[in-house]
Ligand code: HEM
Ligand SMILES: [Cu+2]
């Protein structure tokens, strides 16, 4: 709720770290694509290309 | 740019962009049409696998099985999901929809692609099952249609993201997006990975079918294809969990027990759910145990934890709301007094229970590398996923339809007394399908198999008589499920095209005192943890889960005696 103006004698409203992460939709999109791409696809492909070709 | 036209929903008070509304309608109607077609193929498949009936000849069986998987798993589900994405963004955020022209282009691509692939299948040269593993090769337009469909759906996801950006910039909501929208966001994120993986693998496969690429490595194909095939199931889970929360909010005014915990559970989905794709490759040589076990066990358990959180949180939210309304007697009065005659509620609750007990438990069992070996590629697998994607997702989407008809289509639900029974009949049929197929799978009956008697096979092989019994029961369950599905189609078609218009405020089942928009379209927790009934239900679930899990290890120890 960044638009809320803090009263002059108040600390600015602090949004907890996790809530800021969860509100950052494009960060979530990035994580949701990168994590499986690295751990499932890239790691998997690296293993597959190491299989020797049958003579 | 043309000016956005809105109406205000008399029931929820939400401001509705009419072009978003039209898009939701189009996608939902397309979804239901493909459900009807695909369901019919499903019935014919089940009747073929009923040994005493053995309806279709072998080539038609594989054609019908391909069409079934394609029409229900891809077309029905993803069209409906796009409708859910537009609903959860434009409508719940009180916003206009981003780029309606693009959204219509997406719809056209999906519809065109879906039809092209269906034609390819019906022409008979593409009975490769919806997985289309090379070296099986389908007609080129089979792949082309799928690619067009995937690109269209991907555009739909970006319209959703665009709408989120517009809503934030135009300040149509305050603070964080509502939980239901967050669930839809989870679905959309997983969808981006899913559809991109699909395009990445299907484009070279299409070129191969044309003759421009000489070879597709089957294992490489399987690896990337399942990044789509499995992850798309996780779109479903996220979408139907979002719908559970939406229905709980709309019928009970229920708020999640804790926004923080429910959102964290969705974050677990975003990070880990897609890795479980690896369970489809558990018996594949060439991939290390480290890769298999990491992706299916460690990561998957975190995602399962997410589901268990939702499984506690959704009934808990309803219990808290019902108790706040005074249903405080004993442990279960809140549940007894729930609107069991309202198909939106009964469908949603059956979906929740069956997804957990049938789909969830069997999924964890099969996702365990060691015990997977006992049921890999048996009928246990379709038994499991008719528990997830049919009892869970399809039933949740049906339940949601009973709310979309009055709220978005502005029509009364036709044949109300039929509608009352529809979720029960469909649920019963699907529970049977799921259990009987799992039972037959436990006895070793293979999936995707035309003739379990092996009449023309060079070797003699006999399944135990129980397997035949189970396949017969499965056929009967399929008839019940198909009737329940038919009832749904009839109700939707009649309501949407010939229904009485709804102009005024309607009463959703349990008036909660607060406006529905406040419950479904804003941030906030229930602020109570007094949910003894839910805790009892969760206790029952865990007991069943643990027992079944260990029974399977015991079976395994008998398969593989160590002496
Ligand atoms: C009337 C309802 C339905 C009936 C009677 C039915 C029945 C069946 C049967 C008997 C099989 C074949 C198992 C085999 O031989 O391997 C099957 C496969 C399948 N079903 Fe259904 N089903 C129904 C609805 C659905 C729905 C709504 C979905 C998805 C949302 C679905 C998704 C699938 C998929 C993906 C397969 C696997 C196809 C393949 O192996 O290629 N089914 N179904
Ligand atoms: Cu899977």
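Helix B:140-169 and the long axis of chain B differ in direction by around 30°, with both axes built from C-alpha atoms. Between 0 and 90 degrees, the angle of helix B:395-407 with respect to the longest Cα principal axis of chain B falls at about 30 degrees.
What does the C-alpha gyration tensor say about the overall shape of the protein assembly as shown? Classify as rounded when a/c is under 1.5, otherwise prolate if a/b is larger than b/c, or oblate. Before the final figure, lay out each step's value.
Numbers: a/c = 1.43, a/b = 1.36, b/c = 1.05.
In terms of gyration-tensor shape, rounded.
Taking each residue as 0.36 nm, the span from residue B:115 to residue B:376 lengthens on full extension beyond its C-alpha to C-alpha distance by 90.8 nm.
For the pair residue B:453/residue B:169, report the inter-label distance in nm, with labels modelled 7 Å from Cα in the Cβ direction. Simple spin-label model gives 6.7 nm for this pair. Using the Cβ-Cβ distance between residue B:497 and residue B:53 with R0 set to 41 Å, the FRET efficiency works out to roughly 0.75. Once the Cα-Cα distance is subtracted from the 0.36 nm per residue extended length, the residue B:476 to residue B:22 segment shows a gain of 159.6 nm.
Could you sort B:360-373, B:394-407 so that the peptide with the highest average Cβ count within 10 Å comes first and the rest follow in order? Intermediate values should be presented prior to the final figure.
Values: B:360-373: 19.9, B:394-407: 25.6.
Top to bottom by mean Cβ count within 10 Å: B:394-407, B:360-373.
For the stretch B:208-245, the residues whose backbone nitrogen is under 20 Å from a point 7 Å from the Cα of residue A:45, taken along Cα to Cβ, are B:208-209, B:213-232. The value of relative contact order for chain B, using C-alpha pairs under 8 Å at least six residues apart, is 18 percent.
Among B:411, A:20, rank each residue by its count of other Cβ atoms within 10 Å, from fewest to most, as a rough exposure measure. Don't skip to the end; give the middle numbers.
Numbers: B:411 20, A:20 13.
So the ranking, lowest neighbour count to highest, is A:20, B:411.
Only counting other Cβ atoms within 10 Å, I'd like A:14, B:15 sorted with the fewest neighbours first. Spell out each step's value before the answer.
Details: A:14 8, B:15 18.
Ascending Cβ contact count within 10 Å gives the list A:14, B:15.
Between residue B:261 and residue B:554, the simple spin-label model (points 7 angstrom out along Cα→Cβ) gives 3.2 nm. Sorting B:200, A:42 by the number of Cβ atoms found within 10 Å of their own Cβ, with the fewest placed first, yields A:42, B:200.
Multiply the residue gap between residue B:302 and residue B:283 by 0.36 nm, knock off their C-alpha separation, and tell me the result in nm, one decimal place. Can you show the working numbers first?
On the way: separation 19, 0.36 × 19 = 6.84 nm, distance 2.24 nm.
Length gained, residue B:302 through residue B:283: 4.6 nm.
With r defined as the distance between the Cβ atoms of residue B:131 and residue B:469 and R0 fixed at 35 Å, what FRET efficiency is calculated, to the nearest 0.05? Step by step, r from the Cβ atoms, then E = 0.75.
As a rough guide to protection, the peptides B:231-243, B:485-497, B:418-430 ranked by mean Cβ packing within 10 Å, highest first, stand as B:231-243, B:418-430, B:485-497.
Compared with the dominant principal axis of the Cα atoms in chain B, helix B:18-49 is inclined by about 30°. The distance between label points at residue B:332 and residue A:18 comes to 3.3 nm (points 7 Å beyond Cα on the Cα→Cβ vector).
Values in this text are rule-based calculations from the coordinates and carry no lab data. Keep in mind that this is a model prediction, so the values were computed, not measured. No Cβ is skipped: glycine too gets one built from the backbone with ideal geometry, and neighbour counts run over all protein chains shown.
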